[in-house]
Amino acid sequence: MKIHEYQARDLFASYGIPVEKSILCRDVNDAVKAFQELDAPMVVVKAQVHTGGRGKAGGVKLATNEIDVRKHAANILGLDIKGFIVDRILVSRAVDIESEFYVSYVIDRKSKSTILMLSREGGVDIEDVAHTTPEKIHKIVIDPLIGVPDYLARQAAFKLFDDIKQVRAAASILQKLYKLFVETDASLAEINPLVLTPDKEVKAIDAKMTFDDNALYRHPKIAALFEPTEEEKKEQKAKSKGFSYVHLGGEIGCMVNGAGLAMATMDMIKLYGGNPSNFLDIGGSSNPTKVIEAMKLLLSDKDVKVVLINIFGGITRCDDVARGLLDAFEQIKTNIPIVIRLTGTNEKEGRELLKGTHFHVAETMGEAGRMAVELVK
Ligand code: GDP
Ligand code: MN
């Protein structure tokens, strides 16, 4: 689960990581009021969206007067940043920057640990740094039993700073960030940039956190920070109905029983040159109510041109599934072509029942994939 910068900043502040005072705003007038309230010589107006790269997209602007605050707020609100429309901005006290650094804790699959990543080349070009000069990014594997004790924090901070005062300040931030990372079951805690000001203060001016969805049940306060996108709302709704659903954006809606079969079905569609609109595992049984719910979910996606139903009848018999589908589709009226592939127990009887109906019946997966892709065309 992702959260917004303003939410991550609050978490940083509650763990004692130095961040500037800021106010969340929904319109231009709020932004002007925030500027007055912050009473700072310079503020920064920042888009709040669930993606990085806001600076490069024009979503982060400095202002020293009301006119500029108004102008930047008006420009940033409504901006499309990588498909996310900005509906909120953060107005924050700005700082003068001498240099920008990169710091993050992330779960690393390779070392099966949390790793601390650090670089003296922080800021908006960190991706380029990682690409062209990876040696400038230091990685420290954290032993979960030891965590980040003083010596390690200091050793890490020396990767960023040479002056002992700055090293101490950074070491403390690294320890606090680790504590926050572990205590909230985060999968990412990133400060980019961590800055050194001309007064030699070390501060976080951006904050990014992502949390492990499977641990949210034990962090109700973090879970409450969830602000789903339209797609995520749909996925949540599907989850509450007992489906695993992931939106993918193609034109062939998939309804499958079993996660492995659902994955294979998506592969099959791709093989024949189509694009699955979703991953949907409706689980073991295929009773009509479940099929109706699943169909509603698929048909609510306006990009779906064809639906492919792929069912393996194991304990559930294919003839029962076929009857369930016929029942279900008496209640759902749709012009969208539906391809059905049934296999397993009583598959012949199942297919027999579907013959002569408006369904396109396939025997093999390959046939089903090919039919679905052709129907899209
Ligand atoms: P991102 O592009 O989404 O990562 O947004 P950031 O919050 O990291 O901001 C992008 C860049 O804007 C930073 O790397 C800074 O160079 C600049 N910036 C952000 N806040 C401030 C600030 O308070 N003062 C100054 N001088 N620059 C800032
Ligand atoms: Mn940033």
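The values are calculated or read from the model by the stated rules, or taken from the named source; none is laboratory data. Values in this document were obtained by computation on a predicted structure and should not be read as measured data. Here the Cβ positions follow ideal geometry from the backbone for every residue, glycine too, while neighbour counts run over all protein chains shown. For the accessible areas, the whole protein counts, side chains as well, though only heavy atoms, and no ligand, DNA or RNA atoms are used. Shrake-Rupley method; radii C 1.70, N 1.55, O 1.52, S 1.80 Å.
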Estimated dipole of the range 99-223 in Debye, rounded to 20 [Cβ of Lys and Arg +1, of Asp and Glu -1, Cα centre]: 400 debye
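Per residue, what accessible area does the chain have, given a 1.4 Å probe and all protein chains present, in Å²?
Numbers: 18680 Å² over 377 residues.
Accessible surface, normalised per residue, equals 50 Å².
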Sparsely packed trypsin sites (Lys or Arg not before Pro) within the range 1-108, loop by DSSP, other Cβ within 10 Å at most 15: Lys21, Arg26, Lys56, Lys82
In the chain, what percent of the accessible surface is made up of carbon and sulfur (1.4 Å probe, ligands and nucleic acids excluded)? 52 percent
Enter the angle in degrees (range 0 to 90, nearest 10) between the Cα long axis of helix 288-299 and the first principal axis of the Cα atoms of the chain, meaning the one along which they spread out most. 60 degrees
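Let me have the 222 nm mean residue ellipticity of the chain computed from DSSP H runs of 4+ only, each contributing -39500 (n - 2.57), with the sum over all residues rounded to the nearest 500. Write out the running numbers ahead of the final one.
Details: 13 runs with 141 residues, N = 377.
Mean residue ellipticity at 222 nm (helix-derived): -11500 deg cm²/dmol.
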Given 10 Å bins starting at zero, what is the percent of C-alpha pairs of the range 141-256 in each, up to the one with the largest pair distance? 11, 31, 25, 18, 11, 4, 0
With θ taken as phi - 60° and the coefficients 6.51, -1.76 and 1.60, list the Karplus ³J(HN,Hα) couplings across the range 91-102 in order, rounded to whole Hz; mark glycine and proline as x. 9, 10, 4, 9, 10, 7, 10, 8, 8, 10, 10, 10
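Return the loop-located GluC sites (Glu not before Pro) in the range 59-108 (DSSP other than H, G, I, E, B) with at most 16 other Cβ atoms within 10 Å of their own Cβ; answer none if there are none. Present the calculation step by step, with values, prior to reporting the outcome.
Values: sites: Glu66, Glu98, Glu100; in loops: Glu98.
Counting only loop positions with at most 16 other Cβ atoms within 10 Å, the GluC sites (Glu not before Pro) in the range 59-108 are Glu98.
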Checking the range 189-289 for trypsin sites (Lys or Arg not before Pro) in a loop per DSSP with at most 13 other beta-carbon atoms within 10 Å yields Lys200
Could you work out the relative contact order of the chain? I mean the mean sequence separation of Cα pairs under 8 Å and 6+ apart, divided by the number of residues, in percent. 12 percent
Place a +1 charge on the Cβ of each Lys and Arg in the chain and a -1 charge on the Cβ of each Asp and Glu, then give the dipole magnitude about the Cα centre in debye, rounded to the nearest 20. 280 debye
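How many percent of all Cα-Cα pairs in the range 230-376 sit more than 23 Å apart? Present the calculation step by step, with values, prior to reporting the outcome.
Working: 2680 of 10731 pairs.
When all Cα pairs of the range 230-376 are counted, 25 percent exceed 23 Å.
Over the chain, what portion of Cα pair distances is larger than 30 Å, expressed as a whole percent? Could you put the intermediate results ahead of the total?
Working: 37404 of 70876 pairs.
Percentage above 30 Å: 53.
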